[in-house]
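Below is one structure, written out as structure tokens; the observations come after it.
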There are 2 protein chains.
Amino acid sequence: MARLVMKFGGTSVADIDRIRNVARHVKREVDAGHQVAVVVSAMAGETNKLVALAREASPLHDAREYDAVVASGEQVSSGLLALVLQAMGVDARSWQGWQIPIRTDEAHSVARIVDIDGARLIERLEQNQVAVVAGFQGISPDNRIATLGRGGSDTSAVAIAAAIDADRCDIYTDVDGVYTTDPRIVARARRLEKVSFEEMLEMASLGAKVLQVRSVELAMVKGVRVMVRSSFEDPASVRDGANGLPHGTLICDEDEIVEQQVVTGIAYSKEEAQISIRGVADKPGVAADVFVRLADAHINVDMIVQNVSPDGSTTDITFTVPDASYDQAKQVIESARNTLTYTEIEGVRDVVKVSVVGVGMRSHAGVAARAFQALADRNINILAISTSEIKISVLIDQAYTELAVRTLHSVYGLDKQ
Amino acid sequence: MARLVMKFGGTSVADIDRIRNVARHVKREVDAGHQVAVVVSAMAGETNKLVALAREASPLHDAREYDAVVASGEQVSSGLLALVLQAMGVDARSWQGWQIPIRTDEAHSVARIVDIDGARLIERLEQNQVAVVAGFQGISPDNRIATLGRGGSDTSAVAIAAAIDADRCDIYTDVDGVYTTDPRIVARARRLEKVSFEEMLEMASLGAKVLQVRSVELAMVKGVRVMVRSSFEDPASVRDGANGLPHGTLICDEDEIVEQQVVTGIAYSKEEAQISIRGVADKPGVAADVFVRLADAHINVDMIVQNVSPDGSTTDITFTVPDASYDQAKQVIESARNTLTYTEIEGVRDVVKVSVVGVGMRSHAGVAARAFQALADRNINILAISTSEIKISVLIDQAYTELAVRTLHSVYGLDKQ
């Protein structure tokens with residue numbers, strides 16, 4: 001007997017037929033003797049419809065009213081799944097965020113979960129009643145519905161799993177797991193059986209959009225084992241594999257991963273833009289001045305490169321920002337021209353960040369050097385480099401994306417045999 | 001300064017443009033210095049859509065889950081109206097049933113309101129914040145959403161009005177008031193400026209479908225003055241009339257109606273069917289036996305006529321039931337043939353009940369005789385008669401509906417001059 005959380009997104013509950021398919025997945029786990037809490041998103045398209053209505057009502061909307069409107073989608077899907085489960089003979093009830101309660105902070109529409117009281121859920125689970133929890137929402141300190149922001153149902157699922165001390169949190173998606181890289185680019189990409197929280201964080205934030213980043217952070221902090229698996233599998237034919245896990249990818253503590261690879265995956269992100277400030281005075285405080293201004297404008301700066309100045313008087317500062325912030329970032333720098341002396345600003349938008357990720361890097365030297373050599377062999381010019389303990393990122397011309405990803409995927413031995 | 005409840009149905013909030021029109025009505029009252037609570041239904045069509053989803057999910061649905069699904073419609077419309085009001089510069093917030101709270105009994109999907117704590121609403125109203133309340137719902141003793149059944153938003157509005165001690169509860173509808181009879185039948189029907197609770201109850205339950213019957217009962221018990229008025233009026237040109245009231249019909253205590261007519265209106269209902277049991281043994285307990293069986297089958301019996309038997313041994317029992325229960329009622333009687341001796345059952349479905357209503361009847365003799373004479377003059381045969389203190393109902397052949405209603409409307413001097 002295990003205690004499981006199962007999370008299904010909007011596509012999986014888009015109509016009653018699909019909700020029946022979800023219910024068959026749930027019934028399978030119940031029949032296997034497990035205690036089950038299910039977290040659901042709104043029916044596909046509903047949240048967008050509700051967001052559009054709220055925007056039409058008031059472009060500058062009160063986030064508390066926006067939340068009351070938008071959260072109704074999960075109220076509907078949770079009630080419908082409970083009804084379908086009951087019709088299949090499975091004892092079930094729906095739980096809204098305010099009924100559990102799932103307490104959030106006051107940041108309506110982008111709220112964070114502060115605390116979940118799991119006691120009532122556990123009591124019902126122990127009576128073998130399935131808990132169907134409305135995802136994406138909780139209740140704020142002023143007793144009003146608060147939503148967690150788009151994709152928040154993943155976070156709801158992980159938080160519920162932590163609150164009820166679940167053995168595993170299964171996230172059912174339209175893919176069957178996390179891959180070594182994007183299979184659309186590299187046909188020989190392999191599904192990972194297990195990946196560590198840290199690696200998944202780097203993969204998720206770098207563009208492998210399987211799971212919301214916040215949900216992975218929360219899973220890491222709370223030690224919740226998360227399984228990415230496919231909702232398209234036939235519920236009747238699901239069997240655990242030789243490793244004791246169903247087909248998918250387990251995101252877990254690195255201690256649970258026995259055969260650790262040096263490199264786990266290659267991620268990439270095209271939503272980057274590069275800005276260079278030329279001829280900046282090379283004296284203390286200048287770099288700080290630039291980045292404080294960008295931070296004040298809520299612009300997220302990622303890679304930063306400052307060259308050592310050849311003449312000792314001026315230098316060049318290069319950094320990347322999300323492509324969506326490119327124009328604003330240039331404006332911020334230009335408007336500071338009076339206090340910040342420089343000769344010119346240059347920008348490039350058609351760049352891509354390619355990242356090599358793996359916790360094994362911590363104990364292996366030379367990982368970065370192999371990447372640089374492999375790219376050089378293909379005549380790919382590196383515009384900027386940044387590294388962390390478990391990641392090496394390079395910024396290159398976007399035209400070389402596929403070539404770079406395939407090259408690195410092969411170099412680190414990730415290709416499927 | 002007055003404290004007002006304003007209630008708008010689904011057609012009035014069907015899209016954002018119509019919600020803006022509702023908001024203009026609300027703003028007019030706020031600008032006039034009034035404290036305002038608004039009660040809204042779901043956007044037109046939404047409740048039907050949600051009911052269809054719940055039925056598709058499970059034909060024999062758990063009423064608690066059905067309620068969670070169906071109540072989401074009012075959550076959306078209340079949030080949207082709050083947003084539109086804010087965009088117009090009117091301070092407003094939405095209130096769900098569980099936030100106020102509106103406490104109901106356990107009869108999910110047909111719940112009754114048990115208690116409303118008006119304290120929080122009053123606190124906000126006194127700060128000149130408009131309260132936008134989701135109609136049709138409350139919270140049951142087990143902390144779950146409970147709906148009041150179709151049309152329950154009228155009842156929500158009256159209950160909120162009682163809880164906050166409102167001066168008036170304005171029900172905005174697609175008609176501009178309550179008429180002496182159906183204007184589609186009698187062109188000279190007049191709008192009533194005022195009508196008593198008791199009269200309105202007889203009118204509403206007899207087919208003048210302006211207000212839900214339960215809301216009128218509640219208004220009478222709680223002494224809430226209810227105004228039926230049109231949502232199609234231009235919000236900018238609304239003015240109070242010579243009687244100090246806006247255009248519409250005030251439903252109030254009869255003490256507030258100075259110039260009381262003997263007869264207030266003529267109502268009719270075609271959803272009736274007549275059943276006669278011939279040759280029943282004329283001894284004590286037989287009638288009880290018949291009607292206990294019908295009550296056990298939840299069939300609502302209305303008019304009952306038992307003739308004095310000419311020979312002292314057998315009699316005929318005639319009664320009416322809702323036309324929808326006609327077949328079931330005949331089955332109940334037929335299945336009791338073994339214990340209930342009778343010669344035959346007869347039924348007529350194309351009948352109509354026409355009622356003359358007026359609190360003035362209490363102190364005026366001869367009202368019924370005038371009706372019977374007028375119908376006889378037109379050669380209209382009366383199949384059954386029932387009377388109450390303030391009502392005379394006759395059952396006639398449905399073909400004579402218009403003639404009977406017009407005749408009685410004239411006889412009692414109700415025609416517009």
Restricting to segment B:79-92, give me the number of residues that are facing chain A (nearest Cβ under 7 Å) and buried (at least 18 other Cβ atoms within 10 Å of the Cβ). 6
Go through segment A:297-313 and give me each residue that's of a type in the set (A, V, I, L, M) and at pLDDT 80 or above. A:297, A:299, A:301, A:303, A:304, A:305
Matching option when the condition is at pLDDT below 95 and among the basic types (Lys, Arg), among A:150, A:124, A:168, A:144: A:150
Of everything in segment B:195-214 that's β-branched (Val, Ile, Thr) and open to solvent by 10 Å² or more (accessible area, probe 1.4 Å), which residue is farthest from residue B:300 (Cα to Cα)? B:210
Which ones in segment B:31-89 are over 24 Å from the mean Cα position of the chain (by Cα) and at positive phi? B:33, B:89
Return the total of residues in segment B:108-151 being open to solvent by 40 Å² or more (accessible area, probe 1.4 Å), away from chain A (no Cβ under 14 Å) and either touching a Lys or Arg at 6+ places or on another chain (Cβ under 8 Å) or in a loop (DSSP other than H, G, I, E, B) (or both). 9
If we ask which residues in segment B:93-107 are part of a strand (DSSP E or B) and either under 22 Å from residue B:123 (Cα atoms) or facing another protein chain (nearest Cβ under 7 Å) (or both), their number turns out to be 5
Considering only residues that are assigned to a helix (DSSP H, G or I) and small (Gly, Ala, Ser), look in segment A:253-298 and name the one that is surrounded by the most Cβ atoms within 10 Å (Cβ to Cβ). A:287
Could you grab me the full set of residues in segment B:41-55 that are among the hydrophobic types (A, V, I, L, M, F, W, C) and either more than 10 Å from chain A (Cβ to nearest Cβ) or assigned to a loop (DSSP other than H, G, I, E, B) (or both)? B:42, B:43, B:44, B:51
Could you check residue B:397 against (1) within 17 Å of residue B:413 (Cβ to Cβ); (2) surrounded by 14 or more Cβ atoms within 10 Å (Cβ to Cβ) and say which number it fails? (1)
Failed condition for residue A:175, given (1) touching a Lys or Arg at 6+ places or on another chain (Cβ under 8 Å); (2) surrounded by fewer than 24 Cβ atoms within 10 Å (Cβ to Cβ); (3) in a loop (DSSP other than H, G, I, E, B): (1)
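Okay, residues lined up against (1) closer than 16 Å to residue A:246 by Cα; (2) among the aromatic types (Phe, Trp, Tyr); (3) assigned to a helix (DSSP H, G or I):
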site: A:7; (1), (2), (3): yes, no, no
site: A:19; (1), (2), (3): no, no, yes
site: A:26; (1), (2), (3): yes, no, yes
site: A:30; (1), (2), (3): yes, no, yes
site: A:38; (1), (2), (3): no, no, no
Which of (1) without any contact (Cβ under 8 Å) to a residue 40 or more places away in the chain; (2) surrounded by 22 or more Cβ atoms within 10 Å (Cβ to Cβ) does residue B:224 not meet, given it meets every other one? (1)
Are any of the residues in segment B:16-29 open to solvent by less than 10 Å² (accessible area, probe 1.4 Å), closer than 23 Å to residue A:71 by Cα, at the interface with chain A (Cβ under 9 Å from one of its Cβ atoms) and modelled with pLDDT of 95 or more? yes
Given the condition touching a Gly at 6+ places or on another chain (Cβ under 9 Å), open to solvent by less than 10 Å² (accessible area, probe 1.4 Å) and under 20 Å from residue A:269 (Cα atoms), answer yes or no: does some residue in segment A:183-194 qualify? yes
Exception for residue B:185 within (1) over 18 Å from residue B:355 (Cα atoms); (2) more than 8 Å from the chain's Cα centre (by Cα) falls at (1)
Among B:287, B:281, which is in contact (Cβ under 8 Å) with a residue 60 or more places away in the chain and touching a strand residue (DSSP E or B) at 6+ places or on another chain (Cβ under 8 Å)? B:281
Does segment B:56-77 hold any residues that are open to solvent by less than 10 Å² (accessible area, probe 1.4 Å), more than 7 Å from chain A (Cβ to nearest Cβ), of a type outside the set (D, E, K, R) and in a helix (DSSP H, G or I), and which are they? B:70, B:73, B:77
Residue check: is residue B:312 open to solvent by 10 Å² or more (accessible area, probe 1.4 Å) and assigned to a strand (DSSP E or B)? no
Of all residues in segment A:112-137, which are in contact with a helix residue (DSSP H, G or I) (Cβ under 8 Å, 6 or more places away or on another chain) and small (Gly, Ala, Ser)? A:118, A:131, A:134, A:135
Within segment B:159-172, identify whether any single residue is more than 14 Å from chain A (Cβ to nearest Cβ), in contact with a Ser or Thr (Cβ under 7 Å, 6 or more places away or on another chain), hydroxyl-bearing (Ser, Thr, Tyr) and open to solvent by 10 Å² or more (accessible area, probe 1.4 Å), and answer yes or no. no
Just to be sure, is residue B:348 outside any helix (DSSP H, G or I), open to solvent by less than 30 Å² (accessible area, probe 1.4 Å) and either under 16 Å from residue B:276 (Cα atoms) or at pLDDT 90 or above (or both)? no
Hey, can you tell me all the residues within segment A:331-359 that are of a type in the set (D, E, K, R) and under 30 Å from residue A:375 (Cα atoms)? A:344, A:346, A:349, A:350, A:353
I'd like to check something: does segment B:252-268 contain any residue that is touching a Leu at 6+ places or on another chain (Cβ under 6 Å), in contact (Cβ under 8 Å) with a residue 24 or more places away in the chain and over 21 Å from residue B:327 (Cβ atoms)? yes
State whether one or more residues within segment B:157-164 are modelled with pLDDT under 95 and aliphatic (A, V, I, L, M). no
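The values are calculated or read from the model by the stated rules, or taken from the named source; none is laboratory data. Nothing here was measured: the structure is a model prediction, and the numbers come from that model. Virtual Cβ from ideal backbone geometry, glycine too; neighbours counted across all protein chains shown. These accessible areas exclude ligands, DNA and RNA; they are computed on the full protein's heavy atoms, side chains included. Shrake-Rupley method; radii C 1.70, N 1.55, O 1.52, S 1.80 Å.
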